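Heads up, the thing below is written out as structure tokens.
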């Protein structure tokens with residue numbers, strides 16, 4: 001049995017328009033060509049699809065069932081046609097982006113609002129990861145763009161083309177009611193209190209936990225910086241957190257900068273793509289929309 005797409009298109013057009021003649025006009029064919037397609041479909045299936053005792057184009061029960069089954073094929077054909085148009089226009093069918101969760105999500109929200117435009121055909125997926133999970137997700141998956149905290153050597157040796165973003169400042173803080181808030185930090189004092197850490201989202205973390213940033217004996221791993229901020233304000237521990245998450249809390253006095261030899265740390269985030277990879281229209285639009293708000297990371301929340 002050899003059923004062609006043209007035959008199914010003709011069948012659907014006849015039923016939808018109500019006649020062979022109107023279907024022929026819609027498909028820019030002569031009526032005899034439409035009749036030929038229907039006869040070929042009936043011959044190939046061994047079924048009588050139209051009740052020829054009627055003056056109008058009325059399907060037989062077998063014809064109705066065949067058309068119902070054919071709708072999925074026709075929908076798939078329309079989707080393939082639309083995909084071809086998108087590819088010819090330079091839009092990627094899908095754009096995947098991996099983002100380090102330390103970065104301000106306000107900048108990503110601006111991109112999401114831009115990609116909500118119904119005229120943009122690209123499907124956008126954003127994955128938020130932490131620490132080594134960012135590069136793991138980028139390298140192991142089909143992501144085209146990554147937003148990372150930065151490479152010391154610029155990223156070229158890792159096989160990435162990098163675009164620098166604004167500096168990102170981390171601060172070492174605790175609640176003003178926390179015992180460490182009123183003292184100079186020492187290794188001995190740090191070891192007596194829980195350090196709050198956002199967990200590495202790479203699979204390797206499940207096998208080998210990293211040591212504490214500050215040498216603490218007690219570590220509490222949290223899923224993200226939003227929950228870490230709440231725990232810090234509640235006095236559950238101390239820890240490093242991006243300044244943009246807690247700038248308002250520091251101003252309000254609900255968090256305080258700890259007295260330590262180093263209580264501020266600056267990262268230099270980068271937008272990365274695989275070396276030599278050319279972004280399509282969606283990728284370029286993503287970068288174009290993202291760059292202005294990420295030029296000054298610490299001003300965003």
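The values are calculated or read from the model by the stated rules, or taken from the named source; none is laboratory data. Please read these numbers as outputs of a predicted model, since none were measured by experiment. For neighbour counting, all protein chains shown are included, and Cβ atoms are generated from backbone atoms with ideal geometry for every residue, glycine included.
Quick notes on this one:
- Of the residues making up segment 138-153, one or more are out of contact with any helix residue (DSSP H, G or I) (no Cβ under 9 Å at 6 or more places or on another chain) and touching a residue at least 60 places away in the same chain (Cβ under 8 Å).
- Restricting attention to segment 275-299, the residues being modelled with pLDDT of 85 or more, surrounded by 15 or more Cβ atoms within 10 Å (Cβ to Cβ) and outside any loop (DSSP other than H, G, I, E, B) number 8.
- For segment 69-98, filtered to residues that are touching a strand residue (DSSP E or B) at 6+ places or on another chain (Cβ under 6 Å) and at pLDDT 90 or above, the residue that is farthest from residue 123 (Cα to Cα) is 98.
- Restricted to segment 160-182, and to residues there that are exposed (fewer than 14 other Cβ atoms within 10 Å of the Cβ), touching a helix residue (DSSP H, G or I) at 6+ places or on another chain (Cβ under 9 Å) and farther than 16 Å from residue 107 by Cα, the residue that is modelled with the lowest pLDDT is 179.
- Looking only at segment 197-211, residues that are at pLDDT 65 or above and either more than 21 Å from the chain's Cα centre (by Cα) or surrounded by 13 or more Cβ atoms within 10 Å (Cβ to Cβ) (or both) come to 9 in all.
- A Cβ distance below 8 Å, combined with a sequence gap of six or more or placement on separate chains, defines the contacts here; from segment 55-73, residues that are closer than 13 Å to residue 3 by Cβ reach no residue that is modelled with pLDDT under 90 and loosely packed, with under 14 Cβ neighbours inside 10 Å.
- For segment 48-76, a residue qualifies if it is over 44 Å from the mean Cα position of the chain (by Cα) and surrounded by 14 or more Cβ atoms within 10 Å (Cβ to Cβ), and the qualifying residues are 49, 50, 57, 58, 59, 60, 62.
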